[in-house]
Amino acid sequence: MSKVSIQNVGKVFERAASPVPALDNVNLSIEDNEFITLVGASGCGKSTLLRILAGLEYRTSGEVLCDGKSINSPGADRAMVFQHYSLYPWLSVIDNIKFSRQLQVNRENLTSSDVEAASGRADALLNLIGLGKVRNAFPNQLSGGMQQRVAIARSLMGRPSVLLMDEPFGALDSQTREVMHDLILHIHRVEKTTIVFVTHDVEEAVYLGQRVVLMQPRPGRIHSIFPVPLPAQRTQDMKYSTPFRELRAEILARIRESTGITTDLDMLDKLNVQSTAV
């Protein structure tokens, strides 16, 4: 049985003027401990599909299962990491990580040994993300990359079996992104969590993913699925290898094909024509 099963999923956003179909007949099986990346042009429904997996968005049709159980709402088995860190500015690094344990729903029937185990889990995650030296710092004292590390550790606090990531490194500079890429791959190996990762960056998708799922727009649906021909242990040098460059080029070509745009210059030409018509 697949860890996550997406079966004939559709999503229509109701609007006053007319309904807007966001997803249509999406089918995908994700295995336990697999790292899947989702790419595609803007408007292809990547984030909508991720929110449906998180239970934050209702699907209009189809079925979504996690460990054989239907997903209809948020659950402790799934955690979400957004592009914006959303840390609590009045809490320290370690207290941000522990925050979920302070919620009443997570404190019911807790024993002293449970509390001690949770504290140990927070310390272990702090060391895993490499921020042990700033455990008592506050978010405004951290860089963007460090804040996102804290957000990732917080999402892992409850030991979710599925980690959903919506362009989590989109706001970071390229050098910090490379560091975060290697960090999330390390976390994936250690935590053995199934990861579904949305990105606009094809290079990022190929470097991180075991499979790259390409979605196409209007309405959003799966266009192609690409197995990544790289070893599980990734290094930055692999980005210069022939298999990496060939797969990246193929996915970029498919994205342009799926949007009807052959090159980026075609997009500029279309915009120029539209502006002239106005």
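Using a 10 angstrom Cβ neighbour count of at most 15 plus a DSSP loop assignment to flag exposed GluC sites (Glu not before Pro), which longest range of the chain is free of such sites? List each step's numbers first, then the result.
Working: sites that count: E14, E31, E108.
Counting at most 15 other Cβ atoms within 10 Å as exposed, the longest clean stretch of the chain is 109-278.
With respect to the chain, whose longest principal axis is taken over its alpha-carbon atoms, helix 144-156 is tilted by about 70°.
The string of couplings for the range 171-182 from the Karplus curve (6.51, -1.76, 1.60, θ = phi - 60°) is 8, 9, 6, 4, 5, 5, 4, 4, 4, 5, 4, 5 Hz, one whole number per residue in order, with x for Gly and Pro.
Scaling against 2.2 N^0.38 Å puts the C-alpha radius of gyration of the chain at 1.07.
State the number of lysine pairs found in the chain whose Cα atoms come within less than 21 Å, restricting to pairs 8 or more positions apart or on distinct chains. Before the final figure, lay out each step's value.
On the way: K3/K46; K3/K69; K3/K192; K11/K46; K11/K69; K69/K192; K98/K133; K98/K192.
Counting lysine pairs in the chain gives 8.
A DSSP coil position with no more than 13 other Cβ atoms inside 10 Å describes the following chymotrypsin sites (Phe, Trp or Tyr not before Pro) in the range 23-89: Y58.
Neighbour counting of Cβ atoms within 10 Å sorts the residues V4, V20, fewest neighbours leading, into V20, V4. The spacing between the range 215-250 and the range 145-203, judged by their C-alpha centroids, is 18 Å.
About its Cα centre, the chain has a charge dipole of approximately 340 debye under the convention of +1 per Lys or Arg Cβ and -1 per Asp or Glu Cβ, with nothing else charged.
Given a cut-off of 19 Å, what percent of all Cα-Cα pairs of the range 39-101 lie beyond it? List each step's numbers first, then the result.
Details: 930 of 1953 pairs.
For the range 39-101, the share of Cα pairs beyond 19 Å comes to 48 percent.
None of the figures in this text is laboratory data; all of them are computed from the coordinates on show. Computed from a predicted model, the values in this text were never measured in an experiment. In this analysis, Cβ positions are derived from the backbone assuming ideal geometry, glycine residues included, and neighbour counts consider all displayed protein chains.
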